[in-house]
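I'd like to ask some things about the structure below.
The values are calculated or read from the model by the stated rules, or taken from the named source; none is laboratory data. All values reported here derive from a predicted model rather than from experimental measurement. Here the Cβ positions follow ideal geometry from the backbone for every residue, glycine too, while neighbour counts run over all protein chains shown. Remember, those area values only see protein heavy atoms, side chains included, never the ligands or the DNA or RNA. Shrake-Rupley method; radii C 1.70, N 1.55, O 1.52, S 1.80 Å.
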Amino acid sequence: ALSRMNEEMGYDRILDIADDVLSKYQDAYFLMVGATGEFTSDVIEFCNNHSRAKYSINIPFDMKPSYYSIARVFIAPTMNIHACMGVSIKEAMAAGRAIVASSSGGIPEAIKHGQNGFLVGMEGNKANTSEMKTYIGKLIEDDSLVHQFSTQARIDAKRFFSNEIMYKSYKDLLDNWSNEDDF
């Protein structure tokens, strides 16, 4: 995971599932990376008590690709309180990572369930932890599925979120607004 270490970004859900995933899959590791938040001390405590859980806090921007590159699965259990999707999802896609993300906000616009990742249903405003564990397990157990999702995520990132595509989308949007009355 790579996000602010707070409830809004789902760090409580990550902490809820991490022990179960590490217990079930002896070769799995959790890498919890992000900006400080209300769960930072919980993340540090968890990682200090689990030899296969590591954390990095407030990493420099230029280090992000290194963290994405060592991940097999990217987890984004964002709460259902946003209409948008985070940058980290697009970065993980560009890095060619298989993704398990909540079906909140705009995330389903990028993550296509069963094609470039898995979308987790919501329990109220939070990602369903049972589904998260199931989908993470599928990706831990199936190299070909990880390869399929990773390849498609990279293709989709280039197709929908490259600088050229995003610039053109914004330009077209702004060009179509003739005046302030359109707001």
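Which far-off residues, 5 or more places away or on another chain, put their amide H under 5 Å from the one on Met32, with H placed in the peptide plane?
Distant-sequence amide H within range of Met32: Lys54, Tyr55, Ser56.
Before rounding to the nearest 500, sum -39500 (n - 2.57) across all DSSP H runs of length at least 4 in the chain and divide by the residue total; then give [θ] at 222 nm in deg cm²/dmol. Display every interim value, and only then the final one.
On the way: 8 runs with 88 residues, N = 183.
Taking each H run of at least 4 residues, the total per residue is -14500 deg cm²/dmol.
So if I take the centroid of the Cα atoms in region 34-65 and the same for region 1-24, what is the distance between those two points in Å?
What the calculation gives is 11 Å, centre to centre.
Hey, got a sec? Which GluC sites (Glu not before Pro) in region 1-76 land in a DSSP loop and have at most 13 other Cβ atoms within 10 Å? Could you put the intermediate results ahead of the total?
Working: sites: Glu7, Glu8, Glu38, Glu45; in loops: Glu7, Glu8, Glu38.
Here the GluC sites (Glu not before Pro) that fit, given the DSSP loop and packing criteria, are Glu38.
As I understand it, the value is the acute angle between the Cα axis of helix 129-141 and the longest principal axis of the Cα atoms of the chain; what does it come to in degrees, rounded to 10?
Its long axis makes an angle of about 80 degrees.
Enter the angle in degrees (range 0 to 90, nearest 10) between the Cα long axis of helix 163-176 and the first principal axis of the Cα atoms of the chain, meaning the one along which they spread out most.
40 degrees
Given Cβ point charges of +1 (Lys, Arg) and -1 (Asp, Glu) and nothing else, what value in debye, to the nearest 20, does the dipole of the chain about its Cα centre take? The partial results should precede the final answer.
Values: 18 positive and 25 negative charges, 139 e Å.
Its charge dipole is roughly 660 debye.
Can you list the lysines whose alpha carbon sits under 19 Å from that of Lys133, skipping same-chain ones fewer than 8 residues off?
Cα-Cα hits under 19 Å: Lys24, Lys54, Lys112.
Compute the relative contact order of region 53-162 as a whole-number percentage, counting only Cα pairs closer than 8 Å that sit 6 or more residues apart in sequence.
Relative contact order of region 53-162: 28 percent.
Here's something else I'd like to know. Any idea of the accessible area per residue across the chain, 1.4 Å probe, to the nearest Å²?
Working: 9790 Å² over 183 residues.
The answer is 53 Å² per residue.
Tell me the angle of helix 11-24 to the major Cα principal axis of the chain, expressed in degrees between 0 and 90 and rounded to the nearest ten.
40 degrees
Residue farthest toward the positive end of the dipole of the chain, with Cβ of Lys/Arg at +1 and Asp/Glu at -1: which of Leu31, Ser69, Val120?
Result: Ser69.
Right, something else. Name the most mobile residue of Tyr67, Tyr11, Tyr25, meaning the one with the largest mean-square fluctuation, in a Gaussian network model of the chain with Cα contacts below 10 Å.
Judging by the Gaussian network model, the answer is Tyr25.
Determine the share of region 70-161's accessible area contributed by carbon and sulfur atoms, expressed in whole percent, with a 1.4 angstrom probe.
Working: 2050 of 4010 Å².
Summing carbon and sulfur atoms, their accessible area is 51 percent of the total for region 70-161.
For the chain, what does the equivalent ellipsoid look like in terms of its semi-axes, each the square root of 5 times an eigenvalue of the Cα gyration tensor, given largest first in whole Å? Walk me through the numbers before you get to the answer.
Working: eigenvalues 169, 68, 51 Å².
They are 29, 18, 16 Å, listed from largest to smallest.
With a 10 Å radius around each residue's Cβ, average the other Cβ atoms per peptide and rank 160-167, 125-132, highest first. Before the final figure, lay out the partial values.
On the way: 160-167: 11.8, 125-132: 19.5.
The most tightly packed comes first, giving 125-132, 160-167.
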